Amino acid sequence: MIQEWVRKITIGVIIVSFFVLSSPIWASELNVSSKNYYVDSINGDDSNNGLTETSPWKTLTPVNNTEFQPGDRLLFRANGVWSGELWPKGSGTSGSPIVIDMYGTGSKPAFIGSQTTNQTLHLDNQQYWEIQNLDISANYNNKLTRRGVYVHAKDSGTLNHIYFKNLVIHDVWPNIPHTNNNTAKDTGGIFFSIEGSTTITKFNDILIENCTIKDLDREGITLTWTSWSNREGETGGAGPWTGSTNVVVRNNYLSNIGGDGIVIQGVQSPIIEYNTIDGFGSRNNNISYNAGMWAYSADDALFQYNEAFNGKTTNDGMAWDADARTNRTTFQYNYSHDNEGGSMLFISYGTEYSRDAVFRYNISQNDRNFILTATNPINANIYNNIFYIGNGINARVFNTNSGTATFKNNIFYNSGTNSTNNWGANYTYDSNVYYGNFATTPNDPNKQTTNPQFINPGSGLVGRATLDGYKLQSTSPAINSGIAVTNNGGKDFWGNPLYFKTPDRGAYEHQLPVAAAPSNVALGIIPASSSFIENPSRATDGISSNKELFSGMDSGVQWMQLDLGKSYDISRVKLWHYFDGRKFKDVIIQFAEVPDFSNGVITKFNNDSDNSAGQGTGADAEYTETASGKEIAFSPIRARYVRFWSGGSNVNIWNQIVEAEVYGISTP
């Protein structure tokens, strides 16, 4: 019996051993040879073995002298501070990466570099590392090429699985004066570099996620500079273009970056998503050229769900860029605002082309200078975007406009001060909206120039979730009036599927049946006045083109009132005063359900800055009267009566209304 029991036990041990040794998953999970190493800058001692929390190392010296093995974990105590370069040796394997992390509670372990080290964290010809929860800086005054994180490869084939997560990288200062556009391009937060000339080398499986990168020069994230770069006019590299693969840059926050935010180069099919950059080009001294997030010498790069704002330069200075030697770069579902250099750049250099870039379902709000710059792109496709220029902003749609490009279903909405635009001789336009201050519009067979009726344009704040004001009202003429685009990504800016019935214009695809279009319910209604009114029928006769056919009221502050006969859901008013470039004062537009306006008054426009009319001080700006009239659109309100106030103009004291239109829908 004892011998039989021993025999069964022996067989069981052999079977278990066989499965453990033959299964890569079990072997990886058990990995009995992997170790935890502990480093404590306060209580540690380098004479310890570093293998327990009670016997930690103290400095980076034993760390940098150790070749770590697959599955090892290198743990730094919270609240600790280490100077010098962190350069641990060794590589992990697939399923058993080497991990750097923190232990204990408190602030992230801080690595501050030194005056003489080029990088604070360094990997060189290494792979299978996961590094997270560290604080990295290099805050020194001397001039030196500095990086927070530097990953280098040379003649090493494919290096796999480099992950950086939850890092805080800040105050990395190279202090190198700018002399040309290439100054200090290899400095900044995270920099990947490939050199060599004997073995084609690339990275595979790079992840940079949930990191904060701020207050540094010159670049936020650059990956990857590579010597394996020859194609399309580039002959100075070591050999044929070889892109790094499976690259993801996700959910990082960058701020106060001296140069570029995120630069993607030498990469095949990267994904750059959910990143935010607040402030780039902050210290380029108008010498270097910088953008928020961009691709160069990369194929099939995908930028989506990102936000870029407060770009501080007009040496480029755009939020986004599909640069030279790129193929099929896509920007979608991104939000740019308040960038001094504009929203988007497409650029080729000679035969180094930007080819087949796609820019779709993005929103640009109050970007400055030139919203779009296009220098010789090949077949750029720009569709279903919103470009909004707010009051008082001097911006044009285009800077350069060479090359070939197609524009479809975009909404260009200009409330700014600059009406001049050159729309490009070799560009194709179809089914776009051009609303507001445009002296000319391009040859577009299906253009619209009427108000697209956003819910609340210009109301976007910081964050992609603040942009519901750019959804279309149900009465918008942009709904169901666009042109279909194939391979369109399948959804709009808000994630709604494409298409509901026929395509819409702009970044929003309306998902409900379209409401009846509002009509001019004021047409033919004879107005009343606070005093007298001459030729009252002219104010609603449907003739707005002849400024001499006006209704005249008394001098000073007066009102004209319309009784629409019944209540309507009103969403828009258009008003023409005598138009010869003059500005009328105390213009107020009010709505009510009772004729004496004694209660329930709704005011939708008021530029009475000193309350001359006694209706409250207004915040709207005075405007110049033109033959185009003044249009005020808003979410529908219920009203029967409309009052139009004015108090003379900057020319004389009289009040003349050429035409008043009130757009509403009759509902039960």
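The values are calculated or read from the model by the stated rules, or taken from the named source; none is laboratory data. As the structure is a prediction and not an experimental result, all values here were calculated from the model. Here the Cβ is made from the backbone with ideal geometry for all residues, glycine too, and neighbour counts use every protein chain on show. Quick note on the areas: whole protein, heavy atoms, side chains included, nothing else; ligands and nucleic acids left out. Shrake-Rupley method; radii C 1.70, N 1.55, O 1.52, S 1.80 Å.
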query = Along the stretch 489-500, what does the Karplus equation 6.51 cos²θ - 1.76 cosθ + 1.60 (θ = phi - 60°) give for ³J(HN,Hα), rounded to whole Hz, x for Gly and Pro?
reply = x, x, 7, 8, 4, 8, x, 6, x, 10, 9, 9
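To the nearest 20 Debye, how big is the dipole of the chain about its Cα centre, given +1 on the beta carbon of each Lys and Arg and -1 on that of each Asp and Glu? Let's see the in-between values first.
Working: 47 positive and 62 negative charges, 112 e Å.
Around 540 debye, computed over the chain.
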message = Can you tell me, using C-alpha contacts under 8 Å and at least 6 residues apart, the relative contact order of the stretch 353-407 as a whole percent?
response = 44
task = Determine ³J(HN,Hα), in whole Hz, for all residues of the stretch 40-51 in sequence, where each value follows from phi through the Karplus function 6.51 cos²θ - 1.76 cosθ + 1.60 and θ = phi - 60°; x replaces Gly and Pro.
result = 10, 6, 9, 10, x, 8, 5, 7, 6, 8, x, 9
message = Could you derive backbone 3J(HN,Hα) for the stretch 467-479 from the dihedral phi with the Karplus parameters 6.51, -1.76 and 1.60 (θ = phi - 60°), listing whole Hz in sequence and x where the residue is Gly or Pro?
response = 9, 4, x, 9, 6, 8, 5, 5, 9, 5, x, 7, 6
task = Could you give the size of the charge dipole of the stretch 53-178 about its Cα centre, using +1 on the Cβ of each K and R and -1 on the Cβ of each D and E, expressed in debye and rounded to the nearest 20?
result = 240
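What is the magnitude of the charge dipole of the stretch 90-158 about its Cα centre, with +1 placed on the Cβ of each Lys and Arg, -1 on the Cβ of each Asp and Glu, and no other charges, expressed in debye to the nearest 20?
The dipole of the stretch 90-158 has a size of about 300 debye.
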request  = Tell me the trypsin sites (Lys or Arg not before Pro) within the stretch 212-280 that lie in a loop according to DSSP and have at most 16 other beta-carbon atoms within 10 Å.
outcome  = none
request  = Calculate the length of the line joining the C-alpha centroid of the stretch 434-455 to that of the stretch 380-401, in whole Å.
outcome  = 12
query = In whole percent, what relative contact order does the stretch 328-445 give with Cα contacts below 8 Å and a gap of six or more residues?
reply = 20
query = Against the longest alpha carbon principal axis of the chain, how many degrees, from 0 to 90 and to the nearest 10, is the axis of helix 2-22 turned?
reply = 50
note = Computed Rg/Rh for the chain (Cα atoms; Rh = Kirkwood radius) stands at 1.12
message = Could you tell me the center-to-center distance, by alpha carbons, between the stretch 600-623 and the stretch 337-376 in angstrom?
response = 39
note = Simple SL model, points at 7 angstrom along Cα→Cβ for residue 609 and residue 567; separation in nm is 3.7
message = Run lengths n ≥ 4 of DSSP H only: what is the helix-derived mean residue ellipticity at 222 nm for the chain, with -39500 (n - 2.57) per run over all residues, to the nearest 500?
response = -1500 deg cm²/dmol
inquiry  = Below 11 angstrom from the Cβ of residue 585, what's the summed charge of the other residues (Lys, Arg +1; Asp, Glu -1)?
reply    = -2
query = Whose amide H sits under 5 Å from the amide H of residue 369, counting only residues 5 or more places off or on another chain, with H placed in the peptide plane?
reply = 396
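All other residues with a Cβ under 10 Å from the Cβ of residue 528 taken together, and with Lys, Arg as +1 and Asp, Glu as -1, what is their net charge? Numbers along the way, then the final one.
Working: positive: 643; negative: 563.
Neighbour charge sum, excluding residue 528 itself: 0.
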note = Taking every other residue with Cβ under 14 Å from the Cβ of residue 666 and scoring Lys and Arg +1, Asp and Glu -1, one gets +2
Selected from 71, 452, 437, residue furthest toward positive end of dipole (the chain; charges at beta carbon) = 71
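With every protein chain present, what is the per residue accessible area of the chain (1.4 Å probe, Å²)? Present the calculation step by step, with values, prior to reporting the outcome.
Numbers: 26240 Å² over 668 residues.
With the other protein chains kept in place, the chain gives 39 Å² per residue.
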Segment residue 549-residue 601, length gained on full extension (0.36 nm per residue, minus Cα span) = 15.7 nm
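Count neighbours as other Cβ atoms within 10 Å of each site's Cβ, and list the trypsin sites (Lys or Arg not before Pro) in the stretch 550-602 that are DSSP loop with at most 16 such neighbours. Spell out each step's value before the answer.
Details: sites: 566, 572, 574, 582, 583, 585; in loops: 582, 583, 585.
Here the sparse-neighbourhood loop sites are 582, 583.
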ask   = At a 1.4 Å probe, what is the % contribution of carbon and sulfur to the accessible area of the chain?
value = 49
ask   = For the charge dipole of the stretch 322-402, defined by +1 on Lys and Arg C-beta atoms and -1 on Asp and Glu C-beta atoms about the Cα centroid, which residue among 397, 359, 337 has the Cα displaced farthest towards the positive pole?
value = 359
query = For the cross-link pairs 447/604; 89/143; 108/185; 154/202; 574/604; 108/214, which exceed 19 Å when the distance is taken from alpha carbon to alpha carbon?
reply = 447/604; 89/143; 108/185
key: Reachable aspartates and glutamates from residue 583, criterion Cα separation under 14 angstrom, eight or more residues apart if same chain   = 608, 620, 622, 625
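Could you check what % of the DSSP bridge pairs in the chain are antiparallel, to the nearest 5? Walk me through the numbers on the way to the answer.
Details: 46 of 188 bridges.
Antiparallel: roughly 25 percent of the beta bridges in the chain.
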remark   = Projecting the Cα atoms of 489, 159, 375 onto the charge dipole of the chain, where Lys and Arg contribute +1 and Asp and Glu -1 at Cβ, the residue farthest towards the positive end is 489
inquiry  = Please list, ordered by chain and number, the residues whose modelled amide H lies under 5 Å from the amide H of residue 36; skip anything fewer than 5 residues away on the same chain.
reply    = 73
key: trypsin sites (Lys or Arg not before Pro) lying in DSSP loop within the stretch 124-196, provided at most 15 other Cβ fall within 10 Å   = 143
remark   = The relative contact order of the stretch 294-381, taking Cα pairs under 8 Å that sit 6 or more residues apart, comes to a percentage of 30
